[in-house]
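In what follows, a single structure is set out as structure tokens and then discussed.
The values are calculated or read from the model by the stated rules, or taken from the named source; none is laboratory data. Here the structure is a predicted model, which means the values were calculated and not measured. Cβ placement follows ideal geometry from the backbone for every residue including glycine, while neighbour counts extend to all protein chains displayed. Heads up: the accessible areas ignore ligands, DNA and RNA and are worked out on the full protein's heavy atoms, side chains in. Shrake-Rupley method; radii C 1.70, N 1.55, O 1.52, S 1.80 Å.
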Amino acid sequence: MPSSPVDPNQDAPGANDDASGTAVSMELACVMSKYRFDATLVFMAVAGEEQGLIGSEGWAKDAKAKGLDIAGMLDNDIVGNSRGLDGRVERGRVRLFASGILPEKTLPDDVVAALRTGGENDLPTRQLARFVKAAAERHVPGMKVDVMWRRDRFLRGGDHFSFLDAGYAAVRFTEPSENWHQQHQDVRMVDGVQYGDLPEFVDFAYVADVARVNGAALAALALGPSVPREVLMENIRLEPDTTLRWSRNPEPGVAGYRIVWRSTTAADWEHFRDVGDVTRQTLGGISKDDHQFGLQAYDRDGNLSVAAYPRPYRPLPVAPTAPAK
């Protein structure tokens with residue numbers, strides 16, 4: 001867009017914002033269409049983002065109305081420039097914005113349950129971000145995914161907002177060093193400074209690396225099992241151990257489950273234990289008071305799911321029955 005989002009006359013090349021993200025989506029659609037995945041991958045470019053998220057809001061609301069099971073949405077918006085306003089070049093990393101609690105007056109019961117146990121950093125969007133970071137950094141050497149624990153940059157937004165507001169997990173990729181002379185500006189030269197979103201300011205090799213990061217994450221998500229369901233943490237007695245229980249995944253190819261955990265002050269998982277095809281497991285000597293836990297499913301090929309956060313479980317006491325007369 002030019003300096004005004006509703007100016008129909010000025011030239012608006014949009015090379016970085018957001019032809020870069022559109023190119024990532026189009027190229028991955030071409031490449032990944034040659035392979036088969038266990039889940040459906042949808043590649044889209046939507047209109048009217050700068051005018052109020054018109055296209056993405058329409059798509060997300062329609063998906064919600066149809067009851068589509070969307071495991072996650074990856075938004076690529078401004079992923080083409082590696083040189084910041086100060087001239088610093090950063091080619092080895094990309095930012096991934098991951099929202100926490102949505103700013104709503106009334107929160108869903110599952111969110112309230114997570115907040116009561118300190119799980120504000122373990123809601124679905126942030127679990128998705130951890131998974132994307134791990135998969136991307138495992139398969140794309142030299143690219144670091146920096147997870148930002150917020151919805152987006154200040155004074156900015158993107159199409160992932162529409163999916164977040166519809167209740168889906170959604171994250172946003174954005175370059176680390178932005179140059180605002182080349183975003184939302186009429187094309188012009190002022191005091192020797194070129195303004196405008198022109199193709200010569202796009203680092204095409206960097207865009208390709210961002211595409212590889214997305215491809216690795218999408219393949220891992222679409223090949224892995226679904227997120228485990230009904231994951232509970234037993235909260236029955238005072239003890240130094242932690243016991244989780246859960247329901248089996250519906251997919252026939254699931255081979256077992258992995259418990260992951262970290263200290264309450266850590267951003268990412270620090271430990272894991274594969275426990276096989278069971279639905280209950282105790283971690284002896286690992287205190288639920290000192291750690292955050294998650295549960296992932298894995299299939300016979302070793303593909304993992306996104307982690308699920310366990311809700312506390314405490315069975316209600318059973319009232320004694322009156323003796324028969």
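Cα-Cα pairs above 23 Å in segment 129-229: how many percent?
When all Cα pairs of segment 129-229 are counted, 42 percent exceed 23 Å.
Tally up the carbon and sulfur contribution to the accessible surface of the chain as a whole percent, 1.4 Å probe, everything protein left in place.
On the way: 9270 of 17240 Å².
Carbon and sulfur: 54 percent of the exposed surface of the chain.
Jot down the per residue volume, in cubic angstrom and as a whole number, of the convex hull over the alpha-carbon atoms of segment 155-197. Working shown, then result.
Numbers: hull volume 3.8 nm³, N = 43.
About 89 Å³ per residue, rounded to a whole number.
Would you mind getting the accessible area per residue of segment 121-200, heavy atoms of the protein chains only, 1.4 Å probe, in Å²? Mind dumping the intermediate values first?
Values: 3400 Å² over 80 residues.
It amounts to 43 Å² per residue over segment 121-200.
So how tilted is helix 54-66 from the main axis of the chain? Cα-based, degrees 0 to 90, rounded to 10.
Taking Cα atoms only, the helix is inclined about 30 degrees.
For segment 36-193, what log10 I(q)/I(0) values come out of the Debye formula at q = 0.12 1/Å, with one point per alpha carbon and no solvent?
-0.61
Based on DSSP, what percent of beta bridges with both residues in the chain are antiparallel, to the nearest 5?
Within the chain, antiparallel bridges account for around 70 percent of the total.
So which residue, out of G55, G142, G215, gets the largest mean-square fluctuation from a GNM of the chain using Cα contacts under 10 Å as springs?
Per the Cα network of the chain with a 10 Å cutoff, G142 tops the list.
Projecting each Cα onto the charge dipole of segment 212-302 (Lys/Arg +1, Asp/Glu -1 at the beta carbon, about the Cα centre), which of H271, G253, I236 comes out farthest on the positive side?
Positive-most Cα among the choices belongs to G253.
Which order do peptides 199-209, 182-192 fall in by mean Cβ count within 10 Å, highest first? Walk me through the numbers before you get to the answer.
Working: 199-209: 15.9, 182-192: 13.9.
With the highest mean Cβ count within 10 Å placed first, the list reads 199-209, 182-192.
Provide, as a two-decimal number, the C-alpha radius of gyration of segment 236-319 over 2.2 N^0.38 Å, N being how many residues it has.
Details: Rg = 13.7 Å, N = 84, 2.2 N^0.38 = 11.8 Å.
Against the compact-globule rule of thumb, the ratio is 1.16.
Checking the a/c ratio against 1.5 first, then a/b against b/c, what shape does the Cα gyration tensor give for segment 8-70? Working shown, then result.
On the way: a/c = 4.32, a/b = 1.29, b/c = 3.35.
Oblate, because a/c is 1.5 or more while a/b does not exceed b/c.
Could you give the accessible area per residue of segment 19-69, probe 1.4 Å, as a whole number in Å²? Please report the intermediate quantities before stating the final value.
On the way: 3470 Å² over 51 residues.
I get 68 Å² per residue for segment 19-69.
Contact order normalised by length for the chain, with contacts defined as Cα pairs under 8 Å and 6 or more residues apart; what percent is it? Present the calculation step by step, with values, prior to reporting the outcome.
Values: 616 pairs, mean separation 67.7, N = 325.
Relative contact order, the chain: 21 percent.
Let me check I've understood the local charge: for A220, count other residues with C-beta under 13 angstrom from its C-beta, Lys and Arg +1, Asp and Glu -1. What total comes out?
Details: positive: R130, K133, R138, R212; negative: D38, E137, D299, D301.
Summing Lys and Arg as +1 and Asp and Glu as -1 gives 0.
Evaluate Rg over Rh across the chain, taking Cα atoms for both radii and Kirkwood's formula for Rh. Don't skip to the answer; put the middle values down first.
Working: Rg = 22.6 Å, Rh = 21.6 Å.
Rounded to two decimals, Rg/Rh equals 1.04.
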